[in-house]
Each structure stands twice: as C-alpha cells, then as structure tokens.
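The structure appears right after this line, and notes come after that.
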Amino acid sequence: MASSLSRGRWVIWCTFLVALTLQIIPWPGTLDLLRPSWIILVAIYWVMALPHRVNVGTAFVLGLLWDLLLGSTLGIHGMVMSIVIYVVAMNFLVLRNMALWQQAVLVGILTILGFVLEFFGEFLIKDVYFNPISLWAGLVNGILWPWVFLLLRRVRRMWHVR
C-alpha cells in the first residue's frame, strides 16, 4: 500500500515537472502571448481526478515555483493558481460529471480569470500594461484541455495512481 502511494506521488510530481518544463520553453515573439498555461491545465486535472492528493496548497507551491522559474514577482502565480484551483476543488464533483467540451469551456474561462487576476496583481505592484491578445491563451487552454485530460487520465490509469 505504501509503495503505491509513493508511486502515485512520484507520478503526479513528474507530470508537474513536465508542465513546468513546457511552461519555460521559449516561444517565438508574438506567439508567446498564445502560450498555454501547462501548469494550470495539469493542476486542474489532478484536482478533478484526485482532490485528496492535490489541493490548493499544492497549487500555491507550484505557483511559487512558476514565479521562480520565470523570474516574475514572487507570489503572483501562487495567488492565481490558488484561486483557480480553489474554484475547481470546490466544484470538482460537478466538473467531473460534465462533458469534455463543457469542461474545456470552463477551463478556458478559468484560465482567462487567472490571466486577469495575474494582471491586477502585477498592476498593484509595478507598472504593467494590459494586452487583450494575451486572453486568447485562455482559448488555447480550452482547445488543449481534451487532449491534456485524456493523456493524463491514461498516465493515471497506466501507473495506477489513486
């Protein structure tokens, strides 16, 4: 029993490591505004699938790691991740029972909410300008959600993560 729990923890953190790696891979110029939030997508999946293993605290730690990797203001991504994952964790039973396309729409809306919260957090601390094109990344997250969901579900079943 203990080995399956540690294996599950290992698999979950490996998926987060892959998401962090995908998040910091450079994209060309203007396409950088359409970069999906891999960390948010993976965290939403694990909170929906295993809310007893991944929670708001995990999301906050991931957000802090995200801030450290990007060199952004420490705590902004932690706050955004915590709020988004809190909303998902409070409604995970409802989200689980939705069709995949409905989940994709909600994931897109939640990531747009995350981008807006990130902007306001940065705006309170330093002088930043709002770029509405960056909200298109929420649409990209919504489009990618079914594939991320199906891939991570296959990983969870293959490694028997419970």
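The values are calculated or read from the model by the stated rules, or taken from the named source; none is laboratory data. Bear in mind the structure is a predicted one, so any value in this text is a computation, not a measurement. Note: ideal-geometry Cβ built from the backbone for every residue, glycine included; neighbour counts use all protein chains shown.
Miscellaneous remarks
- Check on Leu151, modelled with pLDDT of 95 or more, of a type in the set (A, V, I, L, M) and closer than 15 Å to Tyr45 by Cβ: yes
- Comparison of Ile109, Ile85 shows that the only residue that is surrounded by 13 or more Cβ atoms within 10 Å (Cβ to Cβ) and under 14 Å from Ile39 (Cα atoms) is Ile85.
- Candidates Leu113, Leu93, Leu69 - the one that is more than 16 Å from the chain's Cα centre (by Cα) and of a type outside the set (D, E, K, R): Leu93
- Single unsatisfied condition, Gly114 versus (1) buried (at least 21 other Cβ atoms within 10 Å of the Cβ); (2) small (Gly, Ala, Ser); (3) part of a loop (DSSP other than H, G, I, E, B): (3)
- When the stretch 70-86 is filtered for residues that are modelled with pLDDT under 95 and outside any loop (DSSP other than H, G, I, E, B), only Leu70 remains.
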